[in-house]
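The values are calculated or read from the model by the stated rules, or taken from the named source; none is laboratory data. None of these values were measured; they are calculated from a predicted model. All Cβ positions, even for glycine, are placed from backbone atoms using ideal geometry, and neighbour counts span all protein chains on display. The protein model used for the area step is the full one, side chains on, heavy atoms only, and it has no ligands, DNA or RNA in it. Shrake-Rupley method; radii C 1.70, N 1.55, O 1.52, S 1.80 Å.
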Amino acid sequence: MHDPFLWGAATSAHQVEGTNTNNDWWQWEQTQGNVQSGKACDHYHRFREDFALAKQLGHTAHRLSLEWSRIEPKPGVFDPKALEHYREVLQELRRLNLRSFVTLHHFTNPVWFTKLGGWENPKAPHLFARYVDAVMRYIGEEIDVVTTINEPMVYASNSFWHGIWPPHRQSFWAMVRVAKQLAKAHTQAFHVIRKHNPQIPVGIAKHVIGFRPARPTNVGDRWLARIHDYYFNHWFLSRIAGTYDYIGLNYYFAFEKKLRLFPPRIMTPAWEGAHSDMQWPLRPDAFTDILLSFKQYKVPLYVTENGVADARDVYRADFIRDHVRAIEAAQKQGANVRGYFYWSLLDNFEWDKGFAPRFGLLAVDYTTFERKPRPSAWVYKAIIDQQRAA
Ligand code: BGC
C-alpha cells in the first residue's frame, strides 16, 4: 500500500530561524546595508507556534533544514544544545503528526568550513559526511525523510559562477568543480545515512526549470531547450545515480529558448503572462511536462518547493491550484508524485534580496513577529481537505 500523498510547506534554517551568527551568509551580511537576516522570523524560538499554524492549515508534512553551523560550531565539535533544540523541533512535528522532511544543507556553511576552503576544498565531501554522521547518531531516529542537499546547481552557480552569493566567486570551472564535489558529498552522506538507518528515505531537492523551444518546430530552438534541460535539470542526477530513494523537485518557472543565427545569440523571449513580485514568470503550464520528464528515474517524486513572491496575495491561491492540477495531470500519465510542499510556510529572508519578497502562506510582521495566515493559505487548506477526502 502507498503512503498517503503529503501536503505541507517548506522553510530553511537561515531564512527563518534568526541569529545564525556562525555561518558564511551571516558573515557576508554584516558588510551589507539592507541585506541582514538578523532575527529573521525568530522561528528558532517560535517553531511551536508556526507548526501549530501549519497544522491548523491542514498540512500533513513539513520540510525544514538543520543549520550545520549551529550543530558543528567548530570542526569536529558537535553542540549538544543545538542537537537538543532540533530534537525538540522534530518531536514537536511528530506530536502534531506532521511528517518531517529534513534538509541537511540549504545554502549556508559554517564559518570554519569556509575558512578551510569551503566547497572547493577536496576534503569538503568528507567534512560534510562527518556532520551528517553526527546528525544521524544524535537525532536520526526523530527524522522521517532526509534531503541531503538543496538545489546543488543553484548553489554552485550563484556562489561560484555568477558571484552573487558567498563566497562570490566568478569562475565557470569553479562552479563545475563545486557541483561535482556536491555530488560526492551527497553520495557519501547517502551511505552514512544508510549505515545508521537502512529504512529512512534519502533524496535530494533539485531545482528544475522548464525549458521550451520558443518556436516548437524550429530545430535550433528545440536543441537549445534540450541542452539547457539536460545540464540544469538532469546532469547532477546522472552523477549521483543509485544513491537516492526519491527525487525532490523545486519548481518555480519556465523559459522559452530561441536560437538567433545572425549574429548568433541565445535569446529568452519575455513571457507575456503574469509575473511574481520578483519578476519570475508564472508558469504552471510547463509543470506537467517537467514532472513527466522525471518518470525515467523510476523513484517517487516530491515537489519539495513551489511558490510565489506575492505581497498582495493576488496570485497565490490560483498559483497553488494550477500547480496541483498540473501534478494531477502528470499523475494520470504515470508520474509517481507523492507530495507537495509550498514555498514557504512563512515570509522569510530571501537571501541577497533581503526581506522584501513575500512568499509566505503566513504573513510575518518583522517588528512584532506576529504571523497571520493570508487568504490563500485557507484556499490551500480547502484544496488539501478536498484532496484528502477524495
Ligand atoms: C530556494 C529557497 C528560496 C526560494 C525562492 C529556492 O530556490 O531553495 O531558499 O527562498 O527558491 O527564491
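Taking Cα centroids, how far is segment 70-130 from segment 229-277 in Å?
29 Å
Quick one: if you stick a label point 7 Å off each Cα along the C-beta vector at residue 177 and residue 314, how many nm between them?
Modelled inter-label distance: 4.7 nm.
List the lysines whose alpha-carbon lies under 24 Å from that of residue 332, not counting same-chain residues fewer than 8 positions away?
Filter leaves 206, 295, 298, 381.
Which of the GluC sites (Glu not before Pro) across segment 268-359 are loop residues per DSSP, with 10 or fewer other Cβ within 10 Å?
Details: sites: 272, 305, 328, 350; in loops: 272, 350.
Here the sparse-neighbourhood loop sites are 272.
For 99, 338, give me the order by solvent-accessible area with a 1.4 Å probe, most accessible first, ignoring ligands, DNA and RNA. The partial results should precede the final answer.
On the way: 99 85, 338 40 Å².
Accessible-area ranking of 99, 338, largest first: 99, 338.
Express in nm, to one decimal, how much length is gained between residue 45 and residue 271 on full extension, taking 0.36 nm for each residue of separation and deducting their alpha carbon distance.
Numbers: separation 226, 0.36 × 226 = 81.36 nm, distance 4.11 nm.
Computed gain between residue 45 and residue 271 is 77.3 nm.
Need one number for segment 285-390: average projected area of the convex hull over its C-alpha atoms, nm². Before the final figure, lay out the partial values.
On the way: hull surface 30.9 nm².
Spelled out: convex hull of the Cα atoms, projected over all directions, averaged, 7.7 nm².
Please list, by residue number, every one of the chymotrypsin sites (Phe, Trp or Tyr not before Pro) in segment 301-390 that is coil in DSSP and has at most 15 other beta-carbon atoms within 10 Å.
On the way: sites: 302, 315, 319, 340, 341, 342, 343, 349, 351, 355, 359, 366, 369, 378, 380; in loops: 315, 349, 355, 359, 366, 369.
Passing sites in segment 301-390 are 366.
Based on alpha-carbon atoms only, what is the radius of gyration of the chain relative to the globular estimate 2.2 N^0.38 Å?
0.94
Say we join alpha carbon atoms closer than 10 Å with springs in a Gaussian network model of the chain; which of 247, 327, 164 then has the biggest fluctuation?
Maximum among the listed residues: 164.
Leaving ligands, DNA and RNA out of it, work out the accessible area of residue 39 with a 1.4 Å probe and give it in Å² to the nearest 10.
Accessible surface of residue 39 is approximately 120 Å².
Starting from the Cα-Cα distance between residue 299 and residue 130, subtract it from 0.36 nm times their residue separation and give me the gain in nm to one decimal.
Details: separation 169, 0.36 × 169 = 60.84 nm, distance 2.71 nm.
The residue 299-residue 130 span can extend by a further 58.1 nm.
Express the carbon and sulfur contribution to the solvent-accessible surface of the chain as a percent, rounded to the nearest whole number, probe 1.4 angstrom. Please report the intermediate quantities before stating the final value.
On the way: 8870 of 16350 Å².
Roughly 54 percent of what the probe reaches on the chain is carbon or sulfur.
Looking only at 176, 324, 337, which one moves most when the chain is put into a Gaussian network model with springs between Cα atoms under 10 Å?
It is 176.
Tell me, what are the semi-axes, in whole angstrom and largest first, of the equivalent ellipsoid of segment 225-265 as set by the roots of 5 times the Cα gyration tensor eigenvalues?
Computed over segment 225-265, the values are 29, 13, 5 Å.
Calculate how many DSSP beta bridges within segment 19-171 are antiparallel, expressed in % of all such bridges and rounded to the nearest 5. Mind showing how you got there, number by number?
Working: 2 of 11 bridges.
Rounded to the nearest five, the antiparallel share is 20 percent.
Using only the Cα atoms of segment 178-276, each taken as one equal point scatterer with no solvent, compute I(q) by the Debye sum, divide by I(0), and report log10 of the ratio at q = 0.13, 0.14, 0.18 Å⁻¹.
-0.61, -0.67, -0.88
Using heavy-atom solvent-accessible surface (probe 1.4 Å) with all chains present, what is the largest-first order of 173, 235? Let's see the in-between values first.
Details: 173 170, 235 40 Å².
My answer, sorted largest first, is 173, 235.
Pick from 62, 105, 85: which is most flexible by mean-square fluctuation in a GNM of the chain where alpha carbon atoms under 10 Å apart are linked?
85
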